[in-house]
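Input: a single structure, listed below in structure tokens.
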Amino acid sequence: MTTALTARALLLDMDGTIVNSDAVVERVWRAWAIEHGLDADEALKTVHGRQGYATMAVLLPDRPMEQNHADNRVLLAQETADTDGVVPVAGAPAFMAAVAALPHALVTSADLALATARMKAAGLPMPEVRVTAECVGASKPDPEGFLKGAAELGFAAEDCVAFEDSEAGITAARAAGMRVVGVGPRAAAMAPDLHVPDLTHLTLTTHDDGTIALRAA
């Protein structure tokens, strides 16, 4: 693990990385887990970073995938309507202001409606380039979303740094060939290239050649 990285473009996960939505995630998924006879505390260790149907496939591996997709639609509607307790990760407003003029994209397992609701609730600007659940055929930990984000920005994967908080997300970014800034306690266990407790601990500097320097403060 290092204390500094250099990139030309930044790919940002949403939940747990720039938006703290843990309160909603816990409410919705705890209820779903109990309804399906699962240990809610154990189930919550799996939900972060993945699309809902992919989480269900891990937790209930013998269940038909069409049922997972059906349940996921219900949970997405619940999560989109529930923004109580959704706040920015510490330092996220200043960070988003700092990257506004830089090549960056949102790469999230949320669909566009949920991403829009949570970014608005957290008071954060929605990036112009965004890869949401509708844009990919495979959920994180598959690298598709990060590769699409890099392509839309016009940069090679190795020139991008991904910001992530979860095992699934960090695995996806690494599979895409990207270095990773891990944000928060969940990320620390995955030994990202650079780790910060939150975004107040990150210093961002831009250079005349277009490179972006990221340093743990």
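Report the local net charge at Thr80: Lys and Arg +1, Asp and Glu -1, summed over other residues whose C-beta lies under 12 Å from its C-beta.
That works out to 0.
Where nothing but the Cβ of Lys and Arg (+1) and of Asp and Glu (-1) is charged, how large is the charge dipole of region 91-213 around its Cα centre, in debye to the nearest 20? Spell out each step's value before the answer.
Numbers: 8 positive and 15 negative charges, 67 e Å.
Charge dipole, region 91-213, about its Cα centre: 320 debye, nearest 20.
Heads up, I need the accessible area for Thr46: 1.4 angstrom probe, whole protein in place, Å², nearest 10.
Here the accessible area works out near 30 Å².
Where Rh is the Kirkwood radius over the Cα pairs of region 27-71, the temperature 4 °C and the viscosity 1.567 mPa s, what D in µm²/s does Stokes-Einstein return? Write down the numbers at each step before the final one.
Working: Rh = 10.4 Å.
Here the translational diffusion coefficient equals 124 µm²/s.
By how many nm would the segment from Ala156 to Ala113 lengthen if fully extended, with 0.36 nm per residue of separation less the alpha-carbon distance?
Extra length available between Ala156 and Ala113 comes to 12.6 nm.
Report, to the nearest 10°, how far helix 65-81 tilts away from the longest principal axis of the Cα atoms in the chain, using its own Cα long axis and a range of 0 to 90°.
For helix 65-81, the angle is close to 70 degrees.
Would you please put 12-18, 141-147 in order of how densely packed they are, using the mean number of other Cβ atoms within 10 angstrom per residue and starting with the highest? Present the calculation step by step, with values, prior to reporting the outcome.
Working: 12-18: 26.9, 141-147: 22.4.
The packing order, highest mean first, is 12-18, 141-147.
Can you pull out the chymotrypsin sites (Phe, Trp or Tyr not before Pro) in region 1-73 whose DSSP state is coil and whose Cβ has at most 10 other Cβ atoms within 10 Å?
Passing both the DSSP loop test and the Cβ count: no residue.
Quick one: P(r) of region 6-119 from all Cα-Cα pairs, 10 Å bins, percents rounded to integers, in order of increasing distance.
13, 43, 29, 13, 3
Note down the magnitude of the dipole of the chain about its Cα centre, charges +1 on Lys and Arg C-beta and -1 on Asp and Glu C-beta and zero elsewhere, to the nearest 20 debye.
Computed about the Cα centre, the dipole is about 260 debye.
Given the rule -39500 (n - 2.57) for each run of at least 4 DSSP H residues, summed and divided by the residues of the chain, what is its mean residue ellipticity at 222 nm, to the nearest 500 deg cm²/dmol?
Helices in the chain give a 222 nm mean residue ellipticity of -11500 deg cm²/dmol.
Per residue, how large is the accessible surface of the chain? Use a 1.4 angstrom probe and give square angstrom.
43
With the cut-off at 1.5 for a/c, could you classify region 150-212 from its C-alpha gyration tensor as rounded, prolate or oblate?
oblate
What Kirkwood Rh does region 70-174 have if only Cα atoms enter the pairwise 1/r average? Answer in Å.
One over the average 1/r among Cα pairs gives 14.6 Å for region 70-174.
Over 22 Å apart: what share of the alpha carbon pairs of the chain falls there, rounded to a whole percent?
Values: 10769 of 23436 pairs.
When every Cα pair of the chain is considered, 46 percent fall beyond 22 Å.
The values are calculated or read from the model by the stated rules, or taken from the named source; none is laboratory data. Quantities reported herein were computed from a predicted structural model and do not represent experimental measurements. Cβ sites come from the backbone with ideal geometry, for glycine too, and all protein chains shown count toward neighbours. The protein model used for the area step is the full one, side chains on, heavy atoms only, and it has no ligands, DNA or RNA in it. Shrake-Rupley method; radii C 1.70, N 1.55, O 1.52, S 1.80 Å.
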